[in-house]
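Q: Quick one: this structure, given as structure tokens, is what I'll be asking you about.
FYI, it's all coordinate maths here, none of it is from the lab. All values reported here derive from a predicted model rather than from experimental measurement. We place every Cβ from the backbone using ideal geometry, glycine too, and count neighbours over all the protein chains shown.
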Amino acid sequence: MAQKLEDWLNGEVKELSKLPVGDLSNTFFFRDPLRPNHIDWEHFYSPADGTIIYQKVVQPDEAVVEIKGIDYTLKDVMGNDEYDRPSLVIGIFMSFYDVHINRIPYGGVLTYESLEPIESTNKPMLAVEKDILNKVINPNNMEYLKYNERMFNKVYVPSLDYTYYLIQIADEDVNVIAPFKKQLDLCAQNERFSLIRWGSQVDLVLPLDERFNFETVLEDTRPAPPPHKKLEKINDKENGIKSSYRPGI
């Protein structure tokens, strides 16, 4: 089941904090545990372990979050000033304690493009990790969202005739987002598609579609291993088919 942040901090993090830093950074951080590839056509699964730091429906020019008085808009998320579709945006921050293997929320054809940092170097994400450990997130520590290197992933789902997006955001180091797949690979639901090192974030962007209603069913919290918890319900207006996004894999 999904965890409350406090439960995660008092449980897993408390125990892991007893390990030497070398063990955490050299071994534990790079773990890739075996997990079942659940196939469920009625649900989107989470692309990442981590903490949900925002989830909201926004217009293209609307702020997902305000950082030091400057809006970080949906167009900024997409890295595209011409993006014009209202969308549900879900941001998941991966801390030092989280598995950093990313997986496909809903099976489809994958394409991706690396977007370079806006500045010569990435900005650090450590302050947000500390915020999470202190149970209070300060949006002013999220400057990395506007500047850092990212991977823009697009997944076309033939069965739904629908396209959604995954934006992976790197930490201070560069060239640390490593795709496992080739362009135009057909990926199964929950299949591993990429590794992202160190503190990092992945945003799931679901464009609104007149065929579906999106209903958020989980508050900002810690994701859990599948298939335990739903985050976003999608109701097919015509056929009554339901689909949900589930955090955690």
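Q: Using θ = phi - 60° and the Karplus curve 6.51 cos²θ - 1.76 cosθ + 1.60, what whole-Hz ³J(HN,Hα) does each residue of segment 34-44 get, with Gly and Pro shown as x?
A: 5, 9, x, 8, 5, 10, 9, 5, 9, 9, 8
Q: Which order do peptides 162-173, 17-28, 58-69 fall in by mean Cβ count within 10 Å, highest first?
A: Listed from highest to lowest mean packing, they are 162-173, 58-69, 17-28.
Q: Would you kindly calculate the translational diffusion coefficient of segment 5-246, applying Stokes-Einstein with the Kirkwood radius from alpha carbon pairs, for 10 °C and a viscosity of 1.306 mPa s, and quote it in µm² s⁻¹ without decimals?
A: Answer, rounded: 87 µm²/s.
Q: I've got another one for you. State the answer as a single residue: which of TRP8, GLN55, PHE44 lies farthest towards the positive end of the charge dipole of segment 1-74, with beta carbon charges of +1 for Lys and Arg and -1 for Asp and Glu, about the Cα centre.
A: TRP8
Q: In terms of modelled amide H atoms, which long-range or inter-chain residues lie less than 5 Å from the amide H of PHE212?
A: For PHE212, whose amide H was placed from the backbone, the distant partners under 5 Å are LYS237.
Q: Please give the Cα centre distance for segment 95-111 versus segment 148-178, rounded to the nearest Å.
A: So the two Cα centres are separated by 9 Å.
Q: Dipole size in debye (nearest 20) for segment 5-246 around its Cα centre, Lys and Arg Cβ +1, Asp and Glu Cβ -1?
A: Charge dipole, segment 5-246, about its Cα centre: 660 debye, nearest 20.
Q: Enumerate the amide H contacts of TYR162 below 5 Å, restricted to partners 5 or more residues apart or on another chain; note that Pro and chain-start residues carry no placed amide H.
A: Close amide H contacts, sequence-distant or interchain: VAL157.
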